[in-house]
Each structure stands twice: as structure tokens, then as C-alpha cells.
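Visitor: Here you go, one structure.
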Amino acid sequence: MKRFLLFLVAFVFFAWGCTPKSVISQTYDFDQMNRIGIMGFASPYNGFGGVENLFAKYLIQSGFKVVERAQLEQILHEHNISVSGYLSPATTRKIGEILGVDVLLIGEVTSYTPTRTELTMVSSRRSESRPVYRQNVMQLADGSYAAYTQQVGTQYSHSSEVRPAEYTINAQVGVIAKLVDVETAEIVWIGSLDEEGASALDAADYIARSLVKSFTKELAKRRGNP
């Protein structure tokens, strides 16, 4: 119970946006974590999903053994196991037994704003200058007169123009991800990040890469390999 309370306190600080952006259990034995099952990430936003595939990519690149979402969901469907909503310890244990995984990666897209174009009015000011000339008459040595042109100054004019202009606002994505032990349903790691990018996919890819990197660094510290 004491260990659970310590982890809960750490999670509360994390949830309120304090650093670090991820929290790892200080008591869990990660040496027993051999295979990770990737669950489909919940997303209330139509037209934006598949973030779990990005996590699978970076976990595999980091050397973890992964059972990806499609395979996992197919097997669970064959065994008539529903994974929507809350996962009870009994459900996670059953998933672990069937798939041979030690932890499940569960996540949610917490925010999503697609790339959009805004229209604004831009004012521009233009200045022009032109020389001012004056014609003078001068008397020559023979008594005759001749006309000549002389610049006597510069005239300035100013004008302003208001025209419409488009600018692009980057997509914004927020994701929370957690690793859950299949035996106890205990959260052993949790991370969250909000990011923007030229597209939602770019932002989500950066989030997945950053959170997996954060987890692997914390795991290395736990194992005494900073």
C-alpha cells in the first residue's frame, strides 16, 4: 500500500503538468517485462486515429518485443474478450495469458486540432519619392538668355493598402499513454505530451518518439545504465 501511495503521489504531480512529463514505477520489476501488447488508443475525434501504430514502431526500434494492435484485437475477438472501457485485473490477466504479454500499452488522444488556414487582413504602406525641378533663365556673356532645368528638391508621397492574406495554423495533438502490468493491472509507467506539427501525423509521430525515448531513458536509469 505504501508503494502504491508513493506512485500515486508522483502521478498526481505529473497529471498537473509538473516535470517530468512521464513517471515510472520505482518498485516494479521491469526485468520481467519481455513482451508488450499494444492496445488501440481511444480517440473521440473522428478522422484521427492509429497513434498506437507509431508507438509500436518506436518501441520495436528501441528493442522491445511488441504484439501490435491488429494481431491483438483479432486474438481477443476470437476469444470473445471485450477491451472497451475499463480493464479489470481479471481481463488484463486473461489477455496476458492468451497473448503471452507482460504489459499492455494503453493510450488516449486527449486533444486534437487539425491544421487549418485562417484569413486575415494585412495593411501595407508604400512610400514614393520623385525629384522636383524648376526651370531657370540665365544671361549669357553675349547678352542673350538661355533656359536650364535645376533640381530644387524631392517630393514624397505615401499610400496604404489593405488586402486579405492566408496563414496556416499547425495541427495540435495531445496524447496520454501508460503501461499496465497484466497480472495486477497496475500502472507501471505513464507519460503525456502535447505537440504541434505541420500535420496531425507529424505531431503524433513526435509525441510517440518522445514518450518512448523518455520511457527507455527512465528504464535505463532504473536498471543502473544511465
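The values are calculated or read from the model by the stated rules, or taken from the named source; none is laboratory data. Note that the coordinates shown come from a computational prediction; the quantities given were computed from them, not determined experimentally. Neighbour counts run over all protein chains shown; Cβ positions are idealised from the backbone, glycine included.
Visitor: Being of a type in the set (D, E) and farther than 22 Å from Y28 by Cβ is the filter here, so list the residues in the range 167-204 that pass it.
Guide: D194, E195, E196, D202
Visitor: Return a yes/no flag: does the range 155-163 have any residue that is surrounded by 10 or more Cβ atoms within 10 Å (Cβ to Cβ) and either aliphatic (A, V, I, L, M) or under 30 Å from A208 (Cα atoms) (or both). Before the answer, list the steps.
Guide: Within the range 155-163, the subset surrounded by 10 or more Cβ atoms within 10 Å (Cβ to Cβ) is none.
Checking the range 155-163: not a single residue is surrounded by 10 or more Cβ atoms within 10 Å (Cβ to Cβ) and either aliphatic (A, V, I, L, M) or under 30 Å from A208 (Cα atoms) (or both).
One line per residue, one yes/no per condition, for (1) within 26 Å of E97 (Cα to Cα); (2) aromatic (F, W, Y); (3) surrounded by fewer than 16 Cβ atoms within 10 Å (Cβ to Cβ):
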site: K178; (1), (2), (3): yes, no, no
site: V182; (1), (2), (3): yes, no, no
site: L193; (1), (2), (3): no, no, no
site: S199; (1), (2), (3): no, no, yes
site: S210; (1), (2), (3): no, no, no
site: E218; (1), (2), (3): no, no, no
site: R223; (1), (2), (3): no, no, yes
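Visitor: Need at least 1 residues that are in contact (Cβ under 8 Å) with a residue 60 or more places away in the chain per element, so show me which helices (runs of 4 or more DSSP H) inside the range 37-146 make the cut, counting only ones lying wholly within it.
Guide: On the way: elements: 51-61, 69-78, 89-99.
Of the helices (runs of 4 or more DSSP H) lying wholly inside the range 37-146, those with at least 1 residues that are in contact (Cβ under 8 Å) with a residue 60 or more places away in the chain span 51-61, 89-99.
Visitor: Go through S192, S214 for me and flag whichever is among the polar types (S, T, N, Q), farther than 16 Å from T110 by Cα and assigned by TED's automatic domain parsing to the domain that holds I60. Steps first, answer last, please.
Guide: Numbers: S192 fails: farther than 16 Å from T110 by Cα.
Just one listed residue meets the conditions, S214.
Visitor: Same structure, new question: Please verify whether the range 99-113 includes one or more residues that are surrounded by fewer than 15 Cβ atoms within 10 Å (Cβ to Cβ), over 30 Å from Q155 (Cβ atoms) and not assigned by TED's automatic domain parsing to the domain that holds H79.
Guide: Of the range 99-113, the ones surrounded by fewer than 15 Cβ atoms within 10 Å (Cβ to Cβ) are 100, 111.
Keeping just the survivors that are over 30 Å from Q155 (Cβ atoms) gives 100, 111.
Checking the rest, the ones that are also not assigned by TED's automatic domain parsing to the domain that holds H79 come to none.
Taking every residue of the range 99-113 in turn, none turns out to be surrounded by fewer than 15 Cβ atoms within 10 Å (Cβ to Cβ), over 30 Å from Q155 (Cβ atoms) and not assigned by TED's automatic domain parsing to the domain that holds H79.
Visitor: Kindly evaluate Y167 against the criterion of being loosely packed, with under 15 Cβ neighbours inside 10 Å, within 23 Å of the chain's Cα centre (by Cα), not charged (D, E, K, R) and not in a helix (DSSP H, G or I). Explain how you work it out, then say what you get.
Guide: Details: loosely packed, with under 15 Cβ neighbours inside 10 Å: yes; within 23 Å of the chain's Cα centre (by Cα): yes; not charged (D, E, K, R): yes; not in a helix (DSSP H, G or I): yes.
Yes; evaluated as a whole, the condition is true for this residue.
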